[in-house]
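Report on the following structure.
The values are calculated or read from the model by the stated rules, or taken from the named source; none is laboratory data. Everything numeric in this text was worked out from a predicted model, so none of it was measured. Neighbour counts run over all protein chains shown; Cβ positions are idealised from the backbone, glycine included.
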Amino acid sequence: MSDKKNNTPTISNRKAFHEYTIVETFEAGISLQGTEVKSLRAGKANFTDAFAFVQGEEVWLKEFHISPYDHGSYMNHEPKRDRKLLLHKKEIRALDKGVQQKGNTIVPLKLYFVRGKAKLQIGLAKGKKLYDKRDSIKEKDVKRQMKRSIKEGVRFNP
């Protein structure tokens, strides 16, 4: 997927919406090295097992894989290094307070570029139970069937 204005990719974590209920979202800047930015612009990132945590007055992103830049030299970055997220103190306090509650975590949802700067949408999330996942899949199927029947002009019977 890419942004229509400047043709930069938007990388999203679809699995997070299946595994978690998103309580609140935040937009964070991300501290990157030069070759990491070039890899992200090429769309080479992976959210598998990525999460964020609050340490002191800072938020860190862990296990977020950015592939090494193809044309990089010996100065290429380490793919799974910890990256600092840039947020306001008020937002960090809200995240810290939310994580203190049982079952909550911080997950990355989407990575995109705004005016040349990489932004990461993170969410305060609560883990879903198996039956919640089944319900959300069932809801998606019903919505999909309704849209399909409306498009075809057929009456819908659930």
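Filtering segment 86-112 to residues that are within 21 Å of F17 (Cα to Cα) and part of a strand (DSSP E or B) leaves N104, T105, I106, V107, P108, L109, K110, L111, Y112.
Among the residues examined, K62 does not qualify as exposed (fewer than 11 other Cβ atoms within 10 Å of the Cβ), at pLDDT 85 or above and not acidic (D, E).
Restricting to segment 97-125, and then to whatever is of a type outside the set (A, V, I, L, M, F, W, C) and either outside the structural domain of L85 (by TED's automatic domain parsing) or free of Cβ contacts under 8 Å to residues at least 60 places away in the same chain (or both), can you tell me which residue is surrounded by the most Cβ atoms within 10 Å (Cβ to Cβ)?
The initial filter retains those residues of segment 97-125 that are of a type outside the set (A, V, I, L, M, F, W, C), namely 97-98, 100-105, 108, 110, 112, 115-117, 119, 121, 123.
Remaining after also requiring either outside the structural domain of L85 (by TED's automatic domain parsing) or free of Cβ contacts under 8 Å to residues at least 60 places away in the same chain (or both): 97, 100-103, 115-116.
Numbers: K97: 12, Q100: 9, Q101: 10, K102: 6, G103: 9, R115: 6, G116: 9.
Result: K97.
Among the residues making up segment 110-156, those that are among the hydroxyl-bearing types (S, T, Y) and within 27 Å of G98 (Cβ to Cβ) are Y112, Y131, S136.
For segment 45-59, the count of residues that are more than 20 Å from T10 (Cβ to Cβ), among the acidic types (D, E), at pLDDT 85 or above and in a helix (DSSP H, G or I) is zero.
Identify, please: which residue in segment 126-147 is touching a residue at least 12 places away in the same chain (Cβ under 8 Å) and of a type in the set (K, R) and is, among those, nearest to V107 (Cα to Cα)? Going through the qualifying residues, I end up with K126.
Scanning segment 130-158 for residues that are exposed (fewer than 11 other Cβ atoms within 10 Å of the Cβ) and in a loop (DSSP other than H, G, I, E, B) yields G153, V154, R155, N157, P158. Summed over segment 37-59, residues that are surrounded by 14 or more Cβ atoms within 10 Å (Cβ to Cβ) and either without any contact (Cβ under 8 Å) to a residue 24 or more places away in the chain or of a type in the set (D, E, K, R) (or both) total 4.
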